[in-house]
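Chemist: To start, I am sharing the structure in question, which I have written as C-alpha coordinates.
The values are calculated or read from the model by the stated rules, or taken from the named source; none is laboratory data. Note that the structure is a prediction, hence the values are computed from the model and not measured. When we count neighbours, we look across all protein chains shown, and the Cβ atoms used for this are built from the backbone with ideal geometry, even at glycine. Accessible surface areas use protein heavy atoms only, side chains included; no ligands, DNA or RNA. Shrake-Rupley method; radii C 1.70, N 1.55, O 1.52, S 1.80 Å.
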Amino acid sequence: MVIPQHVAIILDGNGRWARSKGMPRNYGHVKGAKNLEVICRDASDLGIKYLTVYLFSTENWKRSKEEVDALMKLFRSYTKTCIRMARDNNMKVRILGDPAPLDKDLQESLVKLAESSKNNTGLNFQLAINYGSRDEIVRAVRRLAEDYKEGNLGKEDITEERFASYLDTAEIPDPDLLIRTSGELRLSNYLMWQLAYTEFYFTEVPWPAFTKEDLKKAIEKYNCRERRYGGIDLQENTVGSVKNDQET
Ligand code: IPE
Ligand code: IPE
Ligand code: MG
(Lines give C-alpha, C1' and ligand atoms only; values in the text may rest on other atoms or scores of the structure.)
(Ligands and ions follow the chains in the order given, each with its own letter.)
Protein backbone atom coordinates (compact mmCIF):
# COMPACT_ATOMS: atom_id res chain seq x y z
CA MET A 1 0.00 0.00 0.00
CA VAL A 2 1.26 3.50 -0.84
CA ILE A 3 1.44 5.57 2.29
CA PRO A 4 0.70 9.26 1.69
CA GLN A 5 3.63 11.38 2.75
CA HIS A 6 1.46 14.16 4.16
CA VAL A 7 -1.98 13.69 5.71
CA ALA A 8 -4.03 16.72 6.78
CA ILE A 9 -7.04 16.27 9.05
CA ILE A 10 -10.04 18.46 9.87
CA LEU A 11 -10.90 16.86 13.18
CA ASP A 12 -14.57 17.63 13.40
CA GLY A 13 -17.55 16.37 15.38
CA ASN A 14 -16.34 16.59 18.99
CA GLY A 15 -19.47 18.44 20.07
CA ARG A 16 -21.97 16.19 18.29
CA TRP A 17 -20.19 13.07 19.55
CA ALA A 18 -20.45 14.31 23.15
CA ARG A 19 -24.11 15.34 22.73
CA SER A 20 -24.95 11.90 21.37
CA LYS A 21 -23.70 10.52 24.66
CA GLY A 22 -25.71 13.04 26.69
CA MET A 23 -22.52 14.89 27.66
CA PRO A 24 -21.47 18.57 27.34
CA ARG A 25 -19.57 19.62 24.20
CA ASN A 26 -16.40 20.14 26.19
CA TYR A 27 -16.29 16.44 27.07
CA GLY A 28 -16.02 15.83 23.31
CA HIS A 29 -13.10 18.25 23.06
CA VAL A 30 -11.27 16.52 25.92
CA LYS A 31 -11.77 13.10 24.32
CA GLY A 32 -10.84 14.56 20.94
CA ALA A 33 -7.52 15.83 22.31
CA LYS A 34 -6.83 12.40 23.85
CA ASN A 35 -7.57 10.76 20.52
CA LEU A 36 -5.13 13.08 18.80
CA GLU A 37 -2.34 11.65 20.97
CA VAL A 38 -3.28 8.14 19.82
CA ILE A 39 -3.72 8.94 16.11
CA CYS A 40 -0.47 10.85 16.07
CA ARG A 41 1.42 7.71 17.10
CA ASP A 42 -0.64 5.56 14.70
CA ALA A 43 0.21 7.91 11.82
CA SER A 44 3.88 7.64 12.64
CA ASP A 45 3.65 3.83 12.92
CA LEU A 46 2.01 3.66 9.49
CA GLY A 47 4.92 5.57 7.96
CA ILE A 48 3.23 8.94 7.46
CA LYS A 49 5.91 11.66 7.46
CA TYR A 50 3.76 14.79 7.90
CA LEU A 51 0.53 15.09 9.86
CA THR A 52 -1.30 18.45 9.96
CA VAL A 53 -4.33 18.89 12.18
CA TYR A 54 -6.88 21.70 12.51
CA LEU A 55 -7.31 22.57 16.17
CA PHE A 56 -8.93 26.00 16.08
CA SER A 57 -9.99 28.16 13.14
CA THR A 58 -10.01 31.95 12.88
CA GLU A 59 -13.82 31.57 12.82
CA ASN A 60 -13.96 29.51 16.01
CA TRP A 61 -13.70 32.68 18.14
CA LYS A 62 -17.40 33.19 17.29
CA ARG A 63 -18.36 30.26 19.51
CA SER A 64 -19.64 30.98 23.02
CA LYS A 65 -17.13 32.47 25.46
CA GLU A 66 -17.58 29.44 27.64
CA GLU A 67 -16.58 27.06 24.83
CA VAL A 68 -13.67 29.21 23.63
CA ASP A 69 -12.35 29.45 27.21
CA ALA A 70 -12.63 25.68 27.64
CA LEU A 71 -10.81 25.09 24.35
CA MET A 72 -7.99 27.47 25.32
CA LYS A 73 -7.63 25.69 28.65
CA LEU A 74 -7.47 22.38 26.81
CA PHE A 75 -4.82 23.72 24.38
CA ARG A 76 -2.72 24.75 27.38
CA SER A 77 -2.66 21.24 28.79
CA TYR A 78 -2.41 19.63 25.35
CA THR A 79 0.65 21.76 24.52
CA LYS A 80 2.38 20.53 27.68
CA THR A 81 1.53 16.92 26.85
CA CYS A 82 2.75 17.49 23.29
CA ILE A 83 6.15 18.74 24.52
CA ARG A 84 6.63 15.38 26.28
CA MET A 85 5.26 13.41 23.33
CA ALA A 86 7.54 15.18 20.87
CA ARG A 87 10.54 14.40 23.08
CA ASP A 88 9.60 10.75 23.60
CA ASN A 89 8.62 10.08 19.98
CA ASN A 90 11.17 12.23 18.14
CA MET A 91 8.40 14.43 16.63
CA LYS A 92 9.06 17.84 15.10
CA VAL A 93 6.14 20.12 15.89
CA ARG A 94 5.30 23.29 13.98
CA ILE A 95 2.52 25.76 14.62
CA LEU A 96 0.39 27.12 11.76
CA GLY A 97 -1.79 30.18 12.19
CA ASP A 98 -1.51 33.58 13.84
CA PRO A 99 -0.62 33.20 17.52
CA ALA A 100 -1.09 36.94 18.27
CA PRO A 101 -4.67 36.75 19.66
CA LEU A 102 -3.84 33.81 21.95
CA ASP A 103 -3.01 34.47 25.60
CA LYS A 104 0.67 35.19 26.22
CA ASP A 105 1.30 32.05 28.28
CA LEU A 106 -0.16 29.83 25.57
CA GLN A 107 1.89 31.63 22.92
CA GLU A 108 5.02 31.01 25.00
CA SER A 109 4.19 27.31 25.44
CA LEU A 110 3.67 26.95 21.69
CA VAL A 111 7.04 28.60 20.99
CA LYS A 112 8.62 26.25 23.54
CA LEU A 113 6.95 23.26 21.85
CA ALA A 114 8.28 24.21 18.42
CA GLU A 115 11.73 25.20 19.71
CA SER A 116 12.25 22.11 21.84
CA SER A 117 11.32 19.77 19.01
CA LYS A 118 12.90 21.53 16.02
CA ASN A 119 15.84 19.12 15.67
CA ASN A 120 13.72 15.96 15.92
CA THR A 121 13.71 13.76 12.85
CA GLY A 122 10.55 11.64 13.22
CA LEU A 123 6.97 12.63 12.41
CA ASN A 124 6.49 16.24 11.30
CA PHE A 125 3.43 17.30 13.26
CA GLN A 126 1.71 20.60 12.39
CA LEU A 127 -0.87 22.13 14.71
CA ALA A 128 -3.16 24.69 13.08
CA ILE A 129 -4.36 26.95 15.86
CA ASN A 130 -6.07 30.25 15.21
CA TYR A 131 -5.53 29.24 11.61
CA GLY A 132 -7.52 30.35 8.57
CA SER A 133 -6.37 30.06 4.98
CA ARG A 134 -7.53 33.53 4.01
CA ASP A 135 -5.78 35.02 7.03
CA GLU A 136 -2.60 33.06 6.21
CA ILE A 137 -2.62 34.34 2.62
CA VAL A 138 -3.21 37.93 3.70
CA ARG A 139 -0.38 37.70 6.26
CA ALA A 140 1.88 36.23 3.56
CA VAL A 141 1.03 39.06 1.13
CA ARG A 142 1.78 41.65 3.80
CA ARG A 143 5.25 40.21 4.40
CA LEU A 144 5.86 39.89 0.69
CA ALA A 145 4.84 43.53 0.16
CA GLU A 146 7.24 44.54 2.92
CA ASP A 147 10.11 42.68 1.19
CA TYR A 148 9.14 44.25 -2.14
CA LYS A 149 9.13 47.72 -0.60
CA GLU A 150 12.56 47.15 0.86
CA GLY A 151 13.87 46.03 -2.50
CA ASN A 152 14.50 42.42 -1.44
CA LEU A 153 12.56 41.10 -4.42
CA GLY A 154 11.17 42.32 -7.73
CA LYS A 155 7.81 41.67 -9.39
CA GLU A 156 9.26 38.94 -11.59
CA ASP A 157 10.58 37.09 -8.50
CA ILE A 158 7.02 36.46 -7.31
CA THR A 159 6.47 32.88 -8.43
CA GLU A 160 4.22 30.19 -6.94
CA GLU A 161 7.23 28.73 -5.12
CA ARG A 162 8.33 32.11 -3.77
CA PHE A 163 4.81 32.94 -2.64
CA ALA A 164 4.47 29.56 -0.90
CA SER A 165 7.62 30.34 1.07
CA TYR A 166 5.73 33.18 2.81
CA LEU A 167 2.96 30.85 3.98
CA ASP A 168 2.95 29.24 7.44
CA THR A 169 3.61 25.92 5.69
CA ALA A 170 6.90 27.05 4.10
CA GLU A 171 9.17 24.02 3.59
CA ILE A 172 6.32 21.58 4.27
CA PRO A 173 5.21 19.55 1.22
CA ASP A 174 1.55 19.89 0.17
CA PRO A 175 -0.83 17.33 1.70
CA ASP A 176 -1.45 14.17 -0.33
CA LEU A 177 -4.60 13.25 1.56
CA LEU A 178 -7.15 15.38 3.43
CA ILE A 179 -9.48 13.69 5.89
CA ARG A 180 -12.53 15.39 7.38
CA THR A 181 -14.39 13.52 10.09
CA SER A 182 -18.06 13.78 11.07
CA GLY A 183 -19.79 14.19 7.76
CA GLU A 184 -19.45 17.84 6.72
CA LEU A 185 -18.32 18.32 3.11
CA ARG A 186 -16.48 21.62 3.30
CA LEU A 187 -13.00 23.01 3.88
CA SER A 188 -13.85 25.56 6.58
CA ASN A 189 -10.95 27.81 5.54
CA TYR A 190 -8.31 25.07 5.84
CA LEU A 191 -5.09 25.02 3.74
CA MET A 192 -6.81 26.30 0.60
CA TRP A 193 -3.56 27.02 -1.25
CA GLN A 194 -1.89 23.78 -0.14
CA LEU A 195 -4.83 21.49 -0.96
CA ALA A 196 -4.92 22.42 -4.67
CA TYR A 197 -4.23 18.83 -5.78
CA THR A 198 -4.88 16.86 -2.61
CA GLU A 199 -7.20 13.83 -2.54
CA PHE A 200 -10.19 14.34 -0.21
CA TYR A 201 -11.68 11.71 2.09
CA PHE A 202 -14.83 12.36 4.11
CA THR A 203 -16.13 10.06 6.80
CA GLU A 204 -19.20 10.11 9.04
CA VAL A 205 -17.10 8.96 12.01
CA PRO A 206 -16.81 11.79 14.57
CA TRP A 207 -13.26 12.70 15.61
CA PRO A 208 -13.29 11.24 19.17
CA ALA A 209 -14.32 7.85 17.71
CA PHE A 210 -11.84 7.91 14.80
CA THR A 211 -9.38 4.98 15.05
CA LYS A 212 -6.25 3.65 13.38
CA GLU A 213 -8.58 1.37 11.36
CA ASP A 214 -10.43 4.44 10.05
CA LEU A 215 -7.12 6.02 9.14
CA LYS A 216 -6.13 2.85 7.27
CA LYS A 217 -9.49 2.90 5.45
CA ALA A 218 -8.80 6.45 4.28
CA ILE A 219 -5.35 5.40 3.05
CA GLU A 220 -6.85 2.41 1.24
CA LYS A 221 -9.30 4.69 -0.57
CA TYR A 222 -6.44 7.02 -1.40
CA ASN A 223 -4.68 4.05 -2.98
CA CYS A 224 -7.63 3.48 -5.32
CA ARG A 225 -7.39 6.97 -6.79
CA GLU A 226 -5.35 7.84 -9.81
CA ARG A 227 -3.36 10.92 -8.95
CA ARG A 228 -2.44 13.25 -11.75
CA TYR A 229 -0.43 16.03 -10.12
CA GLY A 230 1.41 16.52 -6.88
CA GLY A 231 1.83 12.78 -6.33
CA ILE A 232 4.64 11.27 -4.36
CA ASP A 233 7.44 8.96 -5.38
CA LEU A 234 5.82 5.53 -5.17
CA GLN A 235 9.13 3.75 -4.59
CA GLU A 236 10.06 5.75 -1.53
CA ASN A 237 6.73 5.64 0.23
CA THR A 238 5.63 2.13 -0.42
CA VAL A 239 4.91 -0.37 2.29
CA GLY A 240 4.26 -3.88 1.06
CA SER A 241 3.32 -4.51 -2.54
CA VAL A 242 2.06 -1.62 -4.65
CA LYS A 243 0.85 -3.87 -7.45
CA ASN A 244 -1.55 -5.85 -5.30
CA ASP A 245 -2.97 -2.91 -3.46
CA GLN A 246 -3.40 -0.35 -6.22
CA GLU A 247 -6.85 -1.37 -7.45
CA THR A 248 -9.71 -2.73 -5.39
C1 IPE B 1 -14.16 20.02 16.22
O2 IPE B 1 -15.37 19.64 16.79
C3 IPE B 1 -13.25 20.74 17.17
C4 IPE B 1 -13.17 22.18 16.98
C5 IPE B 1 -13.65 22.86 15.98
C6 IPE B 1 -12.48 22.94 18.00
P7 IPE B 1 -16.61 20.64 16.84
O8 IPE B 1 -16.53 21.44 18.10
O9 IPE B 1 -16.70 21.43 15.61
O10 IPE B 1 -17.82 19.63 16.97
P11 IPE B 1 -19.18 19.70 16.15
O12 IPE B 1 -18.81 19.81 14.71
O13 IPE B 1 -19.92 20.90 16.64
O14 IPE B 1 -19.86 18.42 16.48
C1 IPE C 1 -13.38 23.38 11.39
O2 IPE C 1 -14.42 22.83 12.08
C3 IPE C 1 -12.34 23.89 12.34
C4 IPE C 1 -11.66 22.89 13.14
C5 IPE C 1 -11.80 21.60 13.03
C6 IPE C 1 -10.75 23.40 14.12
P7 IPE C 1 -15.72 23.67 12.45
O8 IPE C 1 -16.66 22.72 13.10
O9 IPE C 1 -15.35 24.87 13.22
O10 IPE C 1 -16.21 24.12 11.02
P11 IPE C 1 -17.61 24.66 10.56
O12 IPE C 1 -17.91 25.85 11.42
O13 IPE C 1 -18.59 23.53 10.79
O14 IPE C 1 -17.44 24.97 9.12
MG1 MG D 1 -17.63 21.22 13.81
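Chemist: Condition first: of a type in the set (A, V, I, L, M), within 14 Å of ligand 1 (Cβ to nearest atom) and modelled with pLDDT of 95 or more. Can you find one or more residues in the stretch 75-91 that meet it? Spell out the reasoning first.
Modeler: Residues of the stretch 75-91 of a type in the set (A, V, I, L, M): 83, 85-86, 91.
Narrowing further to those that are within 14 Å of ligand 1 (Cβ to nearest atom): none.
No: zero hits.
Chemist: Follow-up question, since we're still on this one. Got a sec? Which helices (runs of 4 or more DSSP H) wholly within the stretch 1-117 have at least 2 residues that are hydrophobic (A, V, I, L, M, F, W, C) and away from ligand 3 (no atom under 14 Å from the Cβ)?
Modeler: On the way: elements: 14-20, 25-46, 65-89, 104-117.
Counting at least 2 such residues, we get 25-46, 65-89, 104-117.
Chemist: Output the residues belonging to the stretch 53-74 that are over 17 Å from GLY13 (Cα atoms) and open to solvent by less than 30 Å² (accessible area, probe 1.4 Å).
Modeler: MET72
Chemist: Just to be sure, is ARG25 over 25 Å from GLN5 (Cβ atoms), free of Cβ contacts under 8 Å to residues at least 24 places away in the same chain and among the basic types (Lys, Arg)? Walk me through how you get there before you give the answer.
Modeler: Details: over 25 Å from GLN5 (Cβ atoms): yes; free of Cβ contacts under 8 Å to residues at least 24 places away in the same chain: no; among the basic types (Lys, Arg): yes.
The answer is no for ARG25.
Chemist: Sticking with this structure for a sec: Out of ALA218, ALA170, report the one residue that is modelled with pLDDT of 95 or more, part of a helix (DSSP H, G or I) and either over 20 Å from the mean Cα position of the chain (by Cα) or not acidic (Asp, Glu) (or both).
Modeler: Values: ALA170 fails: part of a helix (DSSP H, G or I).
From the options ALA218, ALA170, the qualifying one is ALA218.
Chemist: Still on this structure, I have one more. Identify all residues within the stretch 202-229 that are farther than 19 Å from ASN14 by Cα and open to solvent by less than 40 Å² (accessible area, probe 1.4 Å); write none if there are none.
Modeler: ALA218, ILE219, TYR222, ASN223, listed by residue number.
Chemist: Follow-up. Do we have any residue at all in the stretch 38-59 that's β-branched (Val, Ile, Thr) and over 23 Å from THR169 (Cα atoms)? Can you show your working first?
Modeler: Within the stretch 38-59, the subset β-branched (Val, Ile, Thr) is 38-39, 48, 52-53, 58.
So of that shortlist, the ones also over 23 Å from THR169 (Cα atoms) come out as 38.
Scanning the stretch 38-59 turns up at least one residue that is β-branched (Val, Ile, Thr) and over 23 Å from THR169 (Cα atoms).
Chemist: Shifting gears a bit: Go through the stretch 118-161 residue by residue and tally those that are open to solvent by less than 100 Å² (accessible area, probe 1.4 Å), closer than 22 Å to LEU187 by Cα and part of a helix (DSSP H, G or I).
Modeler: Looking only at that region, the number is 8.
Chemist: While we're looking at this one, here's another question. Filter the stretch 172-188 down to the residues that are crowded, with 18+ Cβ neighbours inside 10 Å and not β-branched (Val, Ile, Thr), then identify the one that is nearest to ligand 3 (Cβ to nearest atom).
Modeler: SER182
Chemist: Continuing with the same structure: Which pairs do you get when a residue that is at negative phi, found in the stretch 129-150, comes within reach of a residue that is of a type in the set (D, E, K, R) and loosely packed, with under 11 Cβ neighbours inside 10 Å, reach meaning Cβ atoms under 9 angstrom, with the pair 6+ apart or on two chains?
Modeler: Close Cβ pairs satisfying both conditions: TYR148/LYS155.
Chemist: Right, here's the next one. Which of the residues belonging to the stretch 162-171 are open to solvent by less than 50 Å² (accessible area, probe 1.4 Å) and either of a type in the set (Ser, Thr, Tyr) or more than 22 Å from ASN60 (Cβ to Cβ) (or both)?
Modeler: Here is the first cut: in the stretch 162-171, the ones open to solvent by less than 50 Å² (accessible area, probe 1.4 Å) are 163-164, 166-170.
Of everything in the stretch 162-171, those that are open to solvent by less than 50 Å² (accessible area, probe 1.4 Å) and either of a type in the set (Ser, Thr, Tyr) or more than 22 Å from ASN60 (Cβ to Cβ) (or both) turn out to be PHE163, ALA164, TYR166, THR169, ALA170.
Residues are listed down the side, and each one gets a yes or a no for (1) over 17 Å from THR52 (Cβ atoms); (2) at pLDDT 95 or above; (3) more than 16 Å from ligand 1 (Cβ to nearest atom):
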| residue | (1), (2), (3) |
| --- | --- |
| ASP176 | no, yes, yes |
| TRP193 | no, yes, yes |
| TYR201 | no, yes, yes |
| VAL205 | yes, yes, no |
| PHE210 | no, yes, no |
| GLU213 | yes, yes, yes |
| ARG225 | yes, no, yes |
